[in-house]
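Peer 1: Have a look at the structure that comes next, please.
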Amino acid sequence: MHNTFRGYIRILFICVLLTVSVNSFAQEKSVRFNTRIEKGGNGCGGANITITQNGKPFQTIVTNDDGKVKIDLPYGYNYLIVVSKVQLCTKRFEISTVNVPIDGNPQVFAIEAITLFELQKGIDYSVLNKTLVKAAYDKKSNSIDYDENYINQMLGELDKLRTIRGRSCS
């Protein structure tokens, strides 16, 4: 009887260990987000990156002088990434890791550079209050990808802002 009880305890212990191991492994799956925060073509140190996960605070990062950033975004959530620095513009990005297959290939999403610039008086920067890029898992390409229609719309609005800023600098 005593040996049977020990056998049950061993089996229970093994089941608990397996459950903890499986849960730990599942929580580690994430999308790697790579970018570089720049100002004037150079790395922008001291920029703040605030990340919310499904509307709740998730992580805050301050960039080093090179401006390079690597952020792991666990699967199954919607993220808002806000990049800002005092006296420079603020930019917003949304990345969804919902529906990324846990058993699939590791996912990486990159924006080559996020450029911050100084705000000029008398210019309407309200377009920057909007999310500039939306990205989510695309089943066809089996990767995190841009919402192409949305980004084209935003590029049009940013071109207008760029034109206005260019005129005010001359």
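Peer 1: Considering only residues that are more than 24 Å from Thr63 (Cα to Cα), among the polar types (S, T, N, Q) and either surrounded by 13 or more Cβ atoms within 10 Å (Cβ to Cβ) or in contact with a strand residue (DSSP E or B) (Cβ under 8 Å, 6 or more places away or on another chain) (or both), which ones fall in segment 106-152?
Peer 2: Asn142, Ser143
Peer 1: OK, next. Please work out if Lys91 is surrounded by 17 or more Cβ atoms within 10 Å (Cβ to Cβ) and touching a Gly at 6+ places or on another chain (Cβ under 9 Å).
Peer 2: Taking the combined requirement at face value, the residue does not satisfy it.
Peer 1: Pairs under 6 Å by beta carbon, first residue under 18 Å from Ser96 (Cβ atoms) in segment 48-73, partner not in a strand (DSSP E or B), six or more apart or different chains?
Peer 2: Gln53/Tyr77; Asn54/Tyr77; Leu73/Thr97
Peer 1: Given the residues Gly67, Gly166, which is the only one that is over 15 Å from Phe33 (Cα atoms), of a type in the set (Gly, Ala, Ser) and either loosely packed, with under 15 Cβ neighbours inside 10 Å or at pLDDT 95 or above (or both)?
Peer 2: Among Gly67, Gly166, only Gly166 is over 15 Å from Phe33 (Cα atoms), of a type in the set (Gly, Ala, Ser) and either loosely packed, with under 15 Cβ neighbours inside 10 Å or at pLDDT 95 or above (or both).
Peer 1: Same structure, new question: Has segment 74-87 got at least one residue that is of a type in the set (Lys, Arg), closer than 25 Å to Lys39 by Cα and either surrounded by 13 or more Cβ atoms within 10 Å (Cβ to Cβ) or modelled with pLDDT of 95 or more (or both)?
Peer 2: Looking for residues that are of a type in the set (Lys, Arg), closer than 25 Å to Lys39 by Cα and either surrounded by 13 or more Cβ atoms within 10 Å (Cβ to Cβ) or modelled with pLDDT of 95 or more (or both), one finds at least one in segment 74-87, hence yes.
Results for (1) more than 13 Å from the chain's Cα centre (by Cα); (2) aromatic (Phe, Trp, Tyr); (3) modelled with pLDDT of 95 or more, shown as yes or no for each residue.
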| site | (1), (2), (3) |
| --- | --- |
| Tyr8 | yes, yes, no |
| Ile14 | yes, no, no |
| Val22 | yes, no, no |
| Asn54 | no, no, yes |
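The values are calculated or read from the model by the stated rules, or taken from the named source; none is laboratory data. Here the structure is a predicted model, which means the values were calculated and not measured. With ideal geometry, Cβ positions are generated from the backbone for all residues, glycine too; neighbour counts draw on all protein chains shown.
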